[in-house]
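The values are calculated or read from the model by the stated rules, or taken from the named source; none is laboratory data. Predicted model only: the values in this text are computed from it and were never measured. Don't worry about glycine lacking a Cβ; one is built from the backbone with ideal geometry, like all the others, and counts go over all protein chains shown.
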Amino acid sequence: MNWEKIDAFAKQWVKEAGIRIRASFEMKLDIQTKSNPNDLVTNIDREVEQFFIEKIRETFPDHKILGEEGFGDDLKSMEGIVWMLDPIDGTMNFVHQQHDFAISVGIYEDGVGKIGVIYDVVRDEMYHAIRGSGAYLNEKRLTGLREVDVSKAIIGINPTWLMENHRIDHNLLIPLAKDARGLRSYGSAALEMAYVAAGRIDAYIALRLAPWDFGGGSIIVEEAGGVVTNLKGKKLDFLTKDTLLVAKPGFHQTILKKYLNDGNW
C-alpha cells in the first residue's frame, strides 16, 4: 500500500477543507443540536464531511468511511481501509469563538492506525504522522517526550469530569487534579491529543469520546512517543465510544496505577 500517496491526498483535502471553513467565518451559520442542547452541529460540519466523502469515494472507491455527521458507512468491523473523519472537532468553539477547533482524519487498515492528520485551521498548524515515520507539526518532527512528575504536569481535562459522573467515580480524578501543576480544557479532543504529542500538555483525559474524536490523534501521539489507551489501560475500541487516557511515557503509567487503581474501577 502506498501510504505516502494516501497521506498526500489526505493533507491536500484537509487544507482545502480549511479554506472552506475560514471562508465561512463571515457567513451566517445554520446551527442545530444533536444529542443535547450543547452538542452543536452546523451546516459547515456537514458540508465539510460531504466534501471529504466525495473526494475519498472518487479517489479510493474501495475505502470505507466513518464520519461524525453520519454521511459515511455503517461499519460493523474495521476490516479493510477505514477513514475516520471529524470535519470540525470543537464545534462549540467554532461557533462561539472561531478558534480552538480542528479537522481530524485517521486512516486505518484492519484496525491498525496508518495515517493521522489534525489541522488547526485558524493557526495553520498541521499535526501529522504516518505509522513508522514519526509525527510532525508542519515540517518539524515531534520528539523528546519524557516522563514528568505529576507536580509539574499540565493535564487536559474537562472540569465537568471532576464532578459526579456515571462512567467513573469522580473521586478517582480529584486527587490527580489536586496534585497536578495545572488543568486545561480546550474543548477539542483532537487538539488536546495533538498538544500531548507536541509536549504542550503532559496528559489528556476524557470520559466519553467517539472513534472520530481520537482516530487521528491516536496515531500522532503514538508516533511522537506517547501512550494512548482507555482509562482501564486497554486498547481503544474504534467502533464504539470509549474513555481516553493520553499521556507522555511513564506519566501514563503513573496516572493509571496511582490514580486509576490500575484500571480496576
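Do the conditions hold for GLU47, that is, is it more than 25 Å from ILE219 (Cα to Cα) and assigned to a helix (DSSP H, G or I)? Criteria met by GLU47. Has segment 223-231 got at least one residue that is at pLDDT 95 or above, among the charged types (D, E, K, R) and part of a helix (DSSP H, G or I)? Yes, because at least one residue in segment 223-231 is at pLDDT 95 or above, among the charged types (D, E, K, R) and part of a helix (DSSP H, G or I).
Matching residues to (1) among the hydrophobic types (A, V, I, L, M, F, W, C); (2) assigned by TED's automatic domain parsing to the domain that holds LYS232; (3) within 30 Å of MET78 (Cβ to Cβ):
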site	(1), (2), (3)
LEU176	yes, yes, no
ASP179	no, yes, no
ARG184	no, yes, no
MET193	yes, yes, yes
ALA197	yes, yes, yes
ILE205	yes, yes, yes
LEU209	yes, yes, yes
ASP213	no, yes, yes
GLY217	no, yes, yes
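No other residue among ASP262, ASP237 is out of contact with any Gly (no Cβ under 6 Å at 6 or more places or on another chain) and in a helix (DSSP H, G or I) apart from ASP262.
If the requirement is being hydroxyl-bearing (Ser, Thr, Tyr), out of contact with any strand residue (DSSP E or B) (no Cβ under 7 Å at 6 or more places or on another chain) and assigned by TED's automatic domain parsing to the domain that holds ARG123, which of these qualifies: THR42, THR59?
On the way: THR42 fails: out of contact with any strand residue (DSSP E or B) (no Cβ under 7 Å at 6 or more places or on another chain).
After applying the criteria, what remains is THR59.
For segment 73-98, what are the residues that are of a type outside the set (D, E, K, R), surrounded by 15 or more Cβ atoms within 10 Å (Cβ to Cβ) and under 26 Å from VAL122 (Cα atoms)? Give the steps one after another, and end with the answer.
To start, the set of residues in segment 73-98 that are of a type outside the set (D, E, K, R) comprises 75, 77-78, 80-85, 87-88, 90-98.
Then drop every residue that is not surrounded by 15 or more Cβ atoms within 10 Å (Cβ to Cβ), which leaves 75, 78, 81-85, 87-88, 90-95.
Across segment 73-98, the qualifying residues are TRP83, MET84, LEU85, PRO87, ILE88, GLY90, THR91, MET92, ASN93, PHE94, VAL95.
Apart from one condition, PHE94 fits all of (1) touching a Phe, Trp or Tyr at 6+ places or on another chain (Cβ under 8 Å); (2) among the hydrophobic types (A, V, I, L, M, F, W, C); (3) outside any strand (DSSP E or B); (4) within 21 Å of LEU236 (Cα to Cα); the exception is (4). Residues in segment 50-68 that are outside any strand (DSSP E or B) and closer than 20 Å to GLY116 by Cβ: PHE51, PHE52, ILE53, LYS55, ILE56, THR59, PHE60, HIS63, GLU68.
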